[in-house]
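The block underneath contains the structure these notes are about, expressed in structure tokens.
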Amino acid sequence: MACRASPAGASTGGGHRAPLPPTPVVVTAFSVGEHRWSPGHRGVDLSARAGTEVMASAAGTVRHAGEVAGRPVLSILHPDGLITTYEPVLATVRQGQRVSRGQVIGIVEPGHPSCPTMTCLHWGARLGSGNSAAYLDPLGLLGAVRVRLKPV
């Protein structure tokens with residue numbers, strides 16, 4: 001598993017927008033460990049009220065709209081191969097449907113387990129699936145991640 005701010009060749013700043021209006025507040029940041037099995041938070045939790053409309057961060061095709069492990073999850077496959085995920089979201093779109101950037105795709109429901117506030121939208125991004133998935137900080141898609149190099 002790899003983790004990056006934004007992938008080479010994938011959508012960046014201009015192609016994506018925040019999935020919540022107007023400017024969401026990050027309450028749990030992206031963090032991953034050194035190994036696939038290491039604890040972490042593979043996405044960001046954005047503060048939201050239950051019932052808030054969620055928008056597609058960029059154009060793509062709905063890959064999944066339904067339950068995963070008892071929670072409502074929605075994922076969108078973008079033309080560059082990036083997959084964005086939104087949870088817990090009651091979908092207003094269906095699998096296979098094409099969506100545009102900023103289109104309403106569902107509403108936030110309460111119940112995300114890592115949310116430190118009453119309700120959050122967990123927004124994730126990855127390239128690939130399964131063992132080859134590379135998890136990304138979705139804020140990097142907005143140009144909101146600063147890269148700092150550490151001396152060796």
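Applying 0.36 nm per residue to the separation of residue 71 and residue 92 and subtracting their alpha-carbon distance, the gain on full extension is 6.0 nm. Annotation for residue 80 and residue 23: the two label points, set 7 Å from Cα along the Cα-Cβ direction, are 2.3 nm apart. Under 5 Å between amide H atoms, partner at least 5 residues away or on a different chain: which partners does residue 95 have, H built in plane at 1.01 Å? Here the answer is 65, since their amide H atoms fall under 5 Å of that of residue 95.
Sorting the segments 124-134, 70-80, 43-53, 94-104 by their mean number of nearby beta carbons within 10 angstrom, highest to lowest, gives 43-53, 70-80, 124-134, 94-104. Amide H contacts for residue 43 (H built 1.01 Å from N in the peptide plane; partners 5 or more residues away or on another chain; cut-off under 5 Å): 31.
Between the amide H of residue 101 and those of 59, distances stay under 5 Å, these residues lying 5 or more places away or on another chain, with hydrogens modeled in the peptide plane.
Any read-out appearing in this document is the output of simple, stated calculations on the displayed coordinates, not a laboratory observation. Quick caveat, the model's predicted, so the values are computed rather than measured. Ideal geometry is used to build each Cβ from the backbone, glycine not excepted, and the neighbour counts take in all protein chains shown.
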